[in-house]
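Asker: Following this message is one structure expressed as structure tokens.
The values are calculated or read from the model by the stated rules, or taken from the named source; none is laboratory data. For clarity, every value in this text was computed on a predicted model and none was experimentally measured. Here Cβ is always computed from backbone atoms with ideal geometry, including for glycine, and neighbour counts include all displayed protein chains. Side chains included, ligands, DNA and RNA excluded: accessible areas come from the protein's heavy atoms. Shrake-Rupley method; radii C 1.70, N 1.55, O 1.52, S 1.80 Å.
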Amino acid sequence: MINSKKKKVVLLQGGLGAEREVSLSTGKGFAQALTELGYPFEVVDCKEDFLEQISMAKKNGAEAALLALHGKYAEDGIVQGICEYIKLPYSGSGVFASALCMDKIATKEVLINHQIPTAKYEVVHKDSIVKYRPKIEVPLVVKPSREGSSFGVTIVKDEKELASALRHAAQYDSNILIEDFIDGMELTVPILDGKVLTPIEIVPKVDFYDYKNKYTAGRTEYIMPPRIDAKTMKHVQETALKAFQVCRLRTYGRIDFRMTKVADNENRAYVLEINTLPGCTPTSLLPKAARHENIDFNRLVEILVERAALDYQGVK
Ligand SMILES: Nc1ncnc2c1ncn2[C@@H]1O[C@H](COP(=O)(O)OP(=O)(O)O)[C@@H](O)[C@H]1O
Ligand SMILES: [Mg+2]
């Protein structure tokens, strides 16, 4: 039942980027939670007429935008900037953190500046890929700087595969990242409401954590808590929180890692990337980690709505 004391919400979903389908799945779950929680809400599918739709929602009394969006035009500060301009508080991180973390190259520069481990890397512009010979040796990873859901990512094991990997990444962004392949456990660390949740170990049954393995139930094994000792757990959680803070995220996020042994009793966790609008689909990891802490999906959505904010809130 609709509760008139609750904030009027506009649920933003869809979007223009490659992650549209993932967003619609996150949006479906959010809509169900809003209904069950009694929030009055309307849904906006963010297409070319987004500006008119969001202005209309604001005029109709929307008090918070709940972002079920991912990737380009959404996780990168663009939607956040529009909400800022019309003074409609929105869920998740602000304009700066969103733009920064969407760009994997810029994120690495900030992380390095704060002594947070990240894989060795090179950058090539898409106009220069034909003659490009990286200094990093195979195995290496090629990925677009600004994309998500593993679109455009290739693990290159043989130099012969390099040219097609670069062409593939170039379809998604003009700046391409070439990274050392970190051979070890994959982990992700969700953060919610200032609290580092239990990390999740990610074990795809075949190949790496690509789109298929991310969104098809049963293709990847998720182990929570991960098979790591207490010292490594502390290192990963502290690193995740530091990354969250230096990149100035708000309310929630998910930090992706790969880990390698650097000495007999020591592992080093390398940050792969930071997700400012992590997926909340039925197979997604942040809701899974929240459940582990007895925060059910409805409570998670309630936290996102209640913490909706503006960057310049409280200042002139
Ligand atoms: N440097 C790396 N070493 C090993 N595997 C990697 C590396 N970079 C990416 N991967 C693999 O590719 C997946 C997607 O890469 P990621 O950087 O998280 O981008 P996104 O999830 O935004 O597409 C990771 O989950 C991981 O399985
Ligand atoms: Mg990732």
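Asker: Say whether the condition of being open to solvent by 50 Å² or more (accessible area, probe 1.4 Å), under 20 Å from Ser145 (Cα atoms) and of a type outside the set (Ser, Thr, Tyr) is met by at least one residue in the stretch 257-266.
Answerer: Within the stretch 257-266, not a single residue is open to solvent by 50 Å² or more (accessible area, probe 1.4 Å), under 20 Å from Ser145 (Cα atoms) and of a type outside the set (Ser, Thr, Tyr).
Asker: Another one. Can you pull out every residue in the stretch 136-170 that is away from ligand 1 (no atom under 11 Å from the Cβ) and among the basic types (Lys, Arg)?
Answerer: Lys157, Lys160, Arg167
Asker: So, one more: Name the pairs: first residue in the stretch 247-258 and under 25 Å from Phe208 (Cα atoms), second residue within 15 Å of ligand 2 (Cβ to nearest atom) and assigned to a loop (DSSP other than H, G, I, E, B), Cβ to Cβ under 7 Å, at least 6 apart or on different chains?
Answerer: What qualifies is Gly253/Thr276; Gly253/Pro278; Arg254/Pro278; Arg258/Ile182.
Asker: Checking the structure you have, find out if any residue of the stretch 154-164 is touching a helix residue (DSSP H, G or I) at 6+ places or on another chain (Cβ under 6 Å) and modelled with pLDDT of 95 or more.
Answerer: First, pick out the residues of the stretch 154-164 that are touching a helix residue (DSSP H, G or I) at 6+ places or on another chain (Cβ under 6 Å): 154, 156.
Subset that is modelled with pLDDT of 95 or more: 154, 156.
Checked the stretch 154-164: at least one residue is touching a helix residue (DSSP H, G or I) at 6+ places or on another chain (Cβ under 6 Å) and modelled with pLDDT of 95 or more.
Asker: Considering the stretch 85-110 alone, what residues qualify as being surrounded by 24 or more Cβ atoms within 10 Å (Cβ to Cβ), among the hydrophobic types (A, V, I, L, M, F, W, C) and touching a strand residue (DSSP E or B) at 6+ places or on another chain (Cβ under 7 Å)?
Answerer: Listed by number, the list holds a single entry, Cys101.
Asker: In addition: Show the residue pairs that are 6+ apart or on different chains and have beta-carbon atoms under 6 Å apart, the first residue being within the stretch 146-163 and under 18 Å from Asp180 (Cβ atoms), the second being at pLDDT below 95 and within 6 Å of ligand 1 (Cβ to nearest atom).
Answerer: Ile155/Phe208
Asker: When you scan the stretch 16-114 for helices (runs of 4 or more DSSP H) that lie fully inside it, which ones turn up with 1 or more residues that are of a type outside the set (Asp, Glu) and under 27 Å from Arg299 (Cα atoms)? Even if it seems obvious, please write down each step before you answer.
Answerer: Numbers: elements: 20-37, 50-59, 78-85, 95-102, 104-113.
Here the list reads 20-37, 50-59, 78-85, 95-102.
Asker: Tell me whether the stretch 183-206 contains one or more residues that are closer than 22 Å to Leu16 by Cα, within 15 Å of ligand 2 (Cβ to nearest atom) and open to solvent by 20 Å² or more (accessible area, probe 1.4 Å).
Answerer: Step one: list which residues in the stretch 183-206 are closer than 22 Å to Leu16 by Cα, which gives none.
Within the stretch 183-206, none of the residues are closer than 22 Å to Leu16 by Cα, within 15 Å of ligand 2 (Cβ to nearest atom) and open to solvent by 20 Å² or more (accessible area, probe 1.4 Å).
Asker: Further, regarding this structure: Which of the residues that make up the stretch 115-171 are of a type in the set (Gly, Ala, Ser) and open to solvent by 30 Å² or more (accessible area, probe 1.4 Å)? Talk me through it step by step, then tell me what you get.
Answerer: From the stretch 115-171, those of a type in the set (Gly, Ala, Ser) are 119, 128, 145, 148-150, 152, 163-165, 169-170; that's our starting set.
Of everything in the stretch 115-171, those that are of a type in the set (Gly, Ala, Ser) and open to solvent by 30 Å² or more (accessible area, probe 1.4 Å) turn out to be Ser128, Ala163, Ser164.
Asker: Then there's this: Determine which single condition Glu306 fails, assuming it passes every other condition in (1) touching a Cys at 6+ places or on another chain (Cβ under 7 Å); (2) open to solvent by 20 Å² or more (accessible area, probe 1.4 Å); (3) of a type outside the set (Lys, Arg).
Answerer: Just one mismatch for Glu306, condition (1).
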